[in-house]
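S.K.: What follows is a structure written as structure tokens; I'll ask about it next.
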Amino acid sequence: MDHIQLAERYGAHNYHPLPVVLATGEGAWVTDVDGNRYLDCLAGYSALNFGHAHPKLLARAEQQLHRLTLTSRAFYNDQLGPFLERLAELTGKERSLPMNTGAEAVETALKIARRWGVEVKKVDPNQSNIIVMDGNFHGRTTTIISFSNDDTARRSFGPYTPGFRQAVYGDLSAVEELIDEHTVAVLFEPVQGESGVIVPPADFVTGLRELCSLHNVLMIADEIQSGLGRAGATFACDRFGVTPDVYVLGKALGGGVVPVSAISCDDDIMHVITPGSHGSTFGGNPLSAAVGHEVLGMLADGSYQARAMQLGHQLEAGLATLPKDAVVSSRVFGLWAGVDVNPGLMSGRDLSEALLARGVLAKETHGSTLRLAPPLVASEEDIELLVNSLRDSLS
Ligand SMILES: *Cc1c(COP(=O)(O)O)cnc(C)c1O
């Protein structure tokens, strides 16, 4: 059996991959088992903001592999402290709690918000509620899918976790109507990635900030996909001039090398976490902390963020030249785009397959919307190739 047949024969069918078997990667490019090269415009759902095999990340991971990889949090290790210090510098928040996957970090934020609500805000734990947005994507755990409105993600996985209320994304008055004295947090994505790179009105994000402050509700920004350079700024919230109470980070935090996630907030919130109340065997392990430390160092001078903005402008200009009958609409935010293709012309899947045939990897999000998120290390020529391949695929 070949690689695809093996995966399909022995694996669960929880994904519907494009028919390509990748073997190696460098920068914005990957190579399949037959030696064909592809421009990676998915970039591990933005976990690969720095591209494949970034020399700095590889060197740091390799060095740490030979020193120490896991201690558990029963002991201190010499990598965790410096990593947390850099997280504080980048987020401006006093403390961080490291986990592994994005969903775990979201769960961490939800737990902290609930405990903060009960112990600080003095909300009745039986009535505590958290407001989320429709069209959200925050991960795959039972609690998180409980407040999703994606039927595929949710169907038959009940009973669902109670305590969540869903507002229309971008509609400030919808959020305001849902807030009551038992509301402890609003969880939102500053830009909805999985939904198709949906950018809310700027006054929605600034308005959320005001509402949360006014009602003593924690503003939790899920920046797992939008953060760490993708948006043309360190955080998508920066683009709106807003500072949330809690940052939720993941994906690019591990540089595409190891799974690393974290939440960051000030001590007036984080203090509700006490020994034994939360944790993870692998969270904060020295290998992850070393790679995360290197990632944060790379983001410190703002050059990747500026590069994302610059390439994003090029991509936006390129997308504007595509035939209007084929591209119904598109949104660009940093080096991140959602492209809605005329469903009468082709599905998002068809377009992904047509791009694959032209040496470009991208994937539809929903229906006929394509998400583009090339690594921030892509070149101008790469972006030009992407736009030209799109034009060819659509004609
Ligand atoms: C990917 C993602 C998650 C979940 O991260 P995992 O590492 O897959 O658990 C949560 N929120 C957002 C916005 C994401 O893009």
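Just so you know, all these numbers are worked out from the coordinates, no wet-lab data involved. Quick caveat, the model's predicted, so the values are computed rather than measured. Neighbour counts are summed over all protein chains in view; Cβ atoms, including those assigned to glycine, are modelled from backbone coordinates with ideal geometry.
S.K.: I want to verify the translational diffusion coefficient of region 179-258 in µm²/s; compute it with Stokes-Einstein, Rh as the Kirkwood radius over Cα pairs, at 20 °C and 1.002 mPa s. Each step should come with its number before you reach the end.
M.R.: Details: Rh = 13.0 Å.
Approximately 164 µm²/s, per Stokes-Einstein.
S.K.: For the chain, with a Gaussian network of springs between Cα atoms less than 10 Å apart, report the residue from Ser280, Ser264, Ser352 with the top mean-square fluctuation.
M.R.: Judging by the Gaussian network model, the answer is Ser280.
S.K.: For Val360, list long-range residues whose amide hydrogen, built 1.01 Å from N in the peptide plane, is under 5 Å from its own amide hydrogen.
M.R.: Leu39
S.K.: For Trp336, Trp29, what ranking results if the residue with the fewest other Cβ atoms within 10 Å of its Cβ goes first?
M.R.: Starting with the residue having the fewest Cβ neighbours, the order is Trp29, Trp336.
S.K.: Let me ask something else about it. Considering only Ala320, Ala109, Ala354, give the residue with the highest GNM mean-square fluctuation for the chain, with springs between Cα atoms whenever their separation is below 10 Å.
M.R.: Top of the fluctuation ranking is Ala320.
S.K.: From the phi of every residue in region 212-221, what ³J(HN,Hα) in whole Hz does the Karplus formula 6.51 cos²θ - 1.76 cosθ + 1.60 yield, where θ is phi - 60° and glycine or proline is x?
M.R.: 3J(HN,Hα) across region 212-221, in whole Hz: 5, 5, 4, 9, 6, 10, 6, 8, 10, 9.
S.K.: By counting other Cβ atoms within 10 Å of each Cβ, how are His138, His313, His52 ranked from fewest to most? Walk me through the numbers before you get to the answer.
M.R.: Working: His138 27, His313 15, His52 23.
Starting with the residue having the fewest Cβ neighbours, the order is His313, His52, His138.
S.K.: How large is the direction-averaged shadow of the alpha-carbon convex hull of region 138-281, in nm²? Before the final figure, lay out each step's value.
M.R.: On the way: hull surface 39.9 nm².
One quarter of the hull surface, i.e. the mean projection, equals 10.0 nm².
S.K.: Now a separate question. Could you tell me which residue out of Tyr304, Gly35, Asn216 lies farthest along the dipole of the chain toward its positive end? Charges go on the beta carbon: Lys and Arg +1, Asp and Glu -1, centred on the Cα centre.
M.R.: Gly35
S.K.: Further question: Arrange the peptides 205-215, 145-155, 251-261 so that the one whose residues have, on average, the most other Cβ atoms within 10 Å appears first.
M.R.: Highest-to-lowest ranking by the protection proxy: 251-261, 205-215, 145-155.
S.K.: Taking springs between alpha-carbon atoms closer than 10 angstrom, which of Gln192, Gln79, Gln127 fluctuates most in the Gaussian network model of the chain?
M.R.: The residue that fluctuates most here is Gln127.
S.K.: Averaging over every viewing direction, what projected area does the convex hull of the Cα atoms of region 89-182 cover, in nm²?
M.R.: Computing the convex hull of the Cα atoms and averaging its projections yields 7.5 nm².
S.K.: Shifting gears a bit: With only Lys, Arg, Asp and Glu charged, each at its Cβ (+1 for the first two, -1 for the last two), find how big the charge dipole of region 56-299 is about the Cα centre; round to the nearest 20 debye.
M.R.: The calculated dipole for region 56-299 is roughly 780 debye.
S.K.: Determine the alpha carbon to alpha carbon distance for each of Lys111/Lys363; Lys56/Lys111; Lys251/Lys363; Lys324/Lys363; Lys121/Lys251; Lys93/Lys122 and list only those over 26 Å.
M.R.: Pairs exceeding 26 Å: Lys111/Lys363; Lys56/Lys111; Lys121/Lys251.
S.K.: Next question. Per the helix-only calculation at 222 nm, which mean residue ellipticity applies to the chain, given -39500 (n - 2.57) for every DSSP H run of n ≥ 4 and division by its residues, nearest 500 deg cm²/dmol?
M.R.: It comes out at -11000 deg cm²/dmol, rounded to the nearest 500.
S.K.: Please rank Phe83, Phe204, fewest neighbouring Cβ atoms within 10 Å first, as an exposure proxy.
M.R.: Phe204, Phe83
S.K.: Also: Across region 56-299, how large is the tail of the calculated P(r) beyond 25 Å, expressed as a percent of all Cα pairs?
M.R.: Here the long-distance tail beyond 25 Å is 40 percent of all Cα pairs in region 56-299.
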